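Novice: I am attaching a structure below and will ask some questions about it afterwards.
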Amino acid sequence: MENRKRKYTTEELRNIRRKVMTITAYLIESSKYNRSKAMKVAWNMIKQVFYTKVNVSFGNRQTALNHLQHYNPRRIKITLQHEPTNPFDRNAIAVIVTVIGKDSYQVGYIKKAFAEVYALLLKKGLHIQATFEGITGENKVLIMVLISVMLCNRLCCL
């Protein structure tokens, strides 16, 4: 099968550019990015889905993940929650797993390097979607949640 690039309508291109410029402005406003770096980060966020492992080595998180493996992945929902009052990192973003019809459980945090950018965007009211991709781990000694993170289509409303 031939691999073709998707063609975008003029309106879709306008929306993509609008998203990139909005994110760029927020990143520059944070005073941690110059225009060039902010633009690169914004384009990367728009054009790709970001996959990450969530470290879950504290408390009963390993036990919770062992139980999670027994559920159909389609029943598992991921929520990202910014914790600006976290004593260790004001940009901390908690990863909360919910099995539909069951309780929710915080399994860990987004890596600090990524959380800084996503926290800024969440503070500005942008929406981020996280999806459960599976559970991974070497020799089942320490298992981790694998999630994908992307900016929601609701950005088109900006």
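The values are calculated or read from the model by the stated rules, or taken from the named source; none is laboratory data. Since the model is a prediction, treat every value here as computed from it, not as a measurement. All Cβ positions, even for glycine, are placed from backbone atoms using ideal geometry, and neighbour counts span all protein chains on display.
Novice: For region 65-98: of the residues being over 18 Å from the mean Cα position of the chain (by Cα) and of a type in the set (A, V, I, L, M, F, W, C), which is nearest to Lys111 (Cα to Cα)?
Specialist: Ranking the qualifying residues of region 65-98, first place goes to Phe88.
Novice: In region 74-128, what residues are hydroxyl-bearing (Ser, Thr, Tyr) and touching a helix residue (DSSP H, G or I) at 6+ places or on another chain (Cβ under 8 Å)?
Specialist: Tyr105, Tyr109
Novice: Among what's in region 136-149 and is at pLDDT below 75, surrounded by fewer than 19 Cβ atoms within 10 Å (Cβ to Cβ) and among the hydrophobic types (A, V, I, L, M, F, W, C), pick the residue that is nearest to Ile78 (Cα to Cα).
Specialist: Per the criteria, the residue is Leu142.
Novice: Looking only at region 10-29, count every residue that is under 14 Å from Met45 (Cβ atoms) and charged (D, E, K, R) and tell me the total.
Specialist: Count: 3.
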